[in-house]
Amino acid sequence: MTWYQTLITALVSIAFTKLMDFLTAKAEERREFRKIRRKLAMEEIDILKNEIGQIYELTSNWASYNQKQNHCIQFFNEEYRLLGKFHKYGNIAQKARDVLHWSKIIASDERDHASSVIEAKSQLHNSFKEFTNECEKYLNSI
């Protein structure tokens, strides 16, 4: 083997090694980005689930409306702030809106002493179940 063949072999080996290092680093970057994105989504969705869970528990409780009135008003006033941050999760935000919708119906029915409270609470329960299922489905798809 002559000196230039040895030089070419060494240069090709170095270029191949650098190329493999670059491709490995890119693949690792993508994996880390996905991990960070999944972790961030999990944290954000967990916050939303906690907030919606509080509203669900408050409105599905059988305490009188007068006892729950201040908390209901506070939650319903913060509805836009709460859902606005999670609009990027389209289906999850829609299911959360459904839960809030039925919560408002229940609050209104309890305030007016309507007889449809039991039906509305059943719908609220179904909406909350759909909301939690949608959250889990999204998290599993990431």
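Here, each number is a calculation from the coordinates, and none is a lab measurement. This structure is a prediction, so every number in the text was calculated from the model and none was measured. Neighbour counts are summed over all protein chains in view; Cβ atoms, including those assigned to glycine, are modelled from backbone coordinates with ideal geometry.
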For the charge dipole of the chain, defined by +1 on Lys and Arg C-beta atoms and -1 on Asp and Glu C-beta atoms about the Cα centroid, which residue among L19, H87, G53 has the Cα displaced farthest towards the positive pole?
-> L19
Given that just one value was derived from the coordinates, which of (i) 57, 25, 23; (ii) 98, 23, 18; (iii) 76, 38, 25 is Cα extents along the principal axes in Å?
-> (ii)
Taking the Cβ of E51 as the center, what net charge do the other residues with Cβ under 12 Å away carry, scoring Lys and Arg +1 and Asp and Glu -1?
-> -2
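Within the set K95/K137; K35/K95; K49/K88; K35/K137, which residue pairs have Cα atoms separated by over 20 Å?
K35/K95
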For the charge dipole of the chain, defined by +1 on Lys and Arg C-beta atoms and -1 on Asp and Glu C-beta atoms about the Cα centroid, which residue among L7, F128, H113 has the Cα displaced farthest towards the positive pole?
-> L7
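Between R31 and T6, what length in nm is gained on full extension when 0.36 nm per residue of separation is reduced by their alpha carbon distance? Before the final figure, lay out each step's value.
Details: separation 25, 0.36 × 25 = 9.00 nm, distance 3.75 nm.
Stretched fully, the R31-T6 segment lengthens by 5.2 nm.
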Label-point separation (nm) for E43 and K85, each offset 7 Å from Cα along Cα-to-Cβ?
-> 1.1 nm
Could you check the simple spin-label distance between H125 and A63, using points 7 Å along Cα→Cβ, in nm with one decimal?
-> 2.1 nm
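Just add up the charged neighbours of S103: K/R +1, D/E -1, any other residue whose Cβ is under 12 Å from the Cβ of S103.
Numbers: positive: K68, R97, K104, K121; negative: E51, E57, E79, D98, D109, E110.
Neighbourhood net charge equals -2.
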Gyration tensor (Cα) of the stretch 1-82, equivalent ellipsoid semi-axes in angstrom | 65, 9, 4
Tally Lys and Arg at +1 and Asp and Glu at -1 over the other residues with C-beta under 15 Å from the C-beta of W62: what net charge comes out?
-> -1
State to the nearest 20 debye the size of the charge dipole of the stretch 36-141 about its Cα centre, where the only charges are +1 on K and R beta carbons and -1 on D and E beta carbons.
-> 400 debye
For K68, go through the aspartates and glutamates and keep the ones whose alpha-carbon is under 17 Å away, minus same-chain ones fewer than eight residues off.
-> E51, E57, E78, E79, D109, E110, D112
